[in-house]
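Asker: The structure that follows is given in the form of structure tokens.
We did not get these values from a lab; they are worked out from the coordinates using the rules stated. Not measured: the values here are computed from a predicted model. Here Cβ is always computed from backbone atoms with ideal geometry, including for glycine, and neighbour counts include all displayed protein chains.
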Amino acid sequence: MNTMSTLKVSPVELTNTDHSVLKVALSLVAKTQIQTELLTEHDRSGNVLIVDIDKPEGKRFFTEFKPSKQTQLLLISSEMVEELHHQHFLHKPIRVQTVKDILIDIKEELDTPRNLKNSSQLLNKEPSQIAEFSPDKNLFFTLLEAQKNQKVMQIYCPPHSALFVNSIDNVVATSAKKETLWKITHLLNTSINSLQLSHADFGVLAKGQRIIPLKNILWTTALYLSQSQIAAPNVTMDTPIQLKVWPNFSRLDFEPEHMQLTTLMTTKALTLKQAAQQTNLPESFVIGFFNAIWVMDLVIINPKQATAAHSQAKTTVKSSLLQKIANRLKLKNA
């Protein structure tokens, strides 16, 4: 595999303080045997551009930026901005260690083409079925509960970094590197604990950390940590369901088998049991995918009943409107 020889970083509209943080972070990156070069403010030829989108010029640059496989953006802002156009984002004030970690992650992304993970590991190894299920010890169901009740919380995922969840703003903040975040969201951890926070607490704790849309974390944890538990109320393996539209796989974690299920579930209504049988996939795998599309509001449950209820509602509205017209006509004729 050919790798990029030097990590060249272009600062765009950084303050003197942020520029100093970047400089120190790059010196730490260099100690990991990665060659680095910090370009001047006016040299935008770097393979990584760190852009302050709070500045008008920085915002304009980001708006006009044309993505490429050879260039990555690292956006920074004092506002709570979700990941945009699959770019990396840090909340100000940026910290040396966090910038260092994210630059190493970006270097790996630039060096390595996006490959789908070997899904045979997921299909053949089912630790989530062996471990006893407990909603408050399951990351997916803990996040789902937070979203449902608009909670702000810190989730401890030992031995890894904590996740700071703000379901009001629908974001998750973390200092975890990409590899660590993958472990947190893909591998079952039955020792997680959570602590309620205030919105103000989150604002302080999230500073300088990666900001990720909550829906993206929910999607991934649904796929891999569902433990064969159907999250949607009143849905069983025999409930007919149908996908409304394809998930946005360009921005979401997935396996080739998830595309296979998407094709099948978009074409026709069927039960989860039928989906597992027709694709020859484990039921736990199908349940995980269902939970993921359900939290993204991409699925119709009992599509025939839903269609009938919609038709009945339209008929009721139409009848009500005609009745009002008739009543008005009677008044005029009186």
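Asker: Using the Cα centre of the range 206-310 as origin and beta-carbon charges of +1 (Lys, Arg) and -1 (Asp, Glu), tell me which of A231, F254, G208 is placed farthest towards the positive end of the dipole.
Answerer: G208
Asker: Run the simple label-point estimate for L264 and S228 please: 7 Å along Cα→C-beta, distance reported in nm.
Answerer: Result: 1.8 nm between the two label points.
Asker: In nm, what is the difference between 0.36 nm times the number of residues separating H186 and H42 and their Cα-Cα distance?
Answerer: Numbers: separation 144, 0.36 × 144 = 51.84 nm, distance 4.09 nm.
47.8 nm is the gain from fully extending H186 to H42.
Asker: To the nearest 20 debye, what charge dipole does the range 168-248 have about its Cα centre, counting +1 at the Cβ of each Lys and Arg and -1 at the Cβ of each Asp and Glu? Could the numbers behind the result be given before it?
Answerer: On the way: 7 positive and 4 negative charges, 61 e Å.
Computed charge dipole of the range 168-248: roughly 300 debye.
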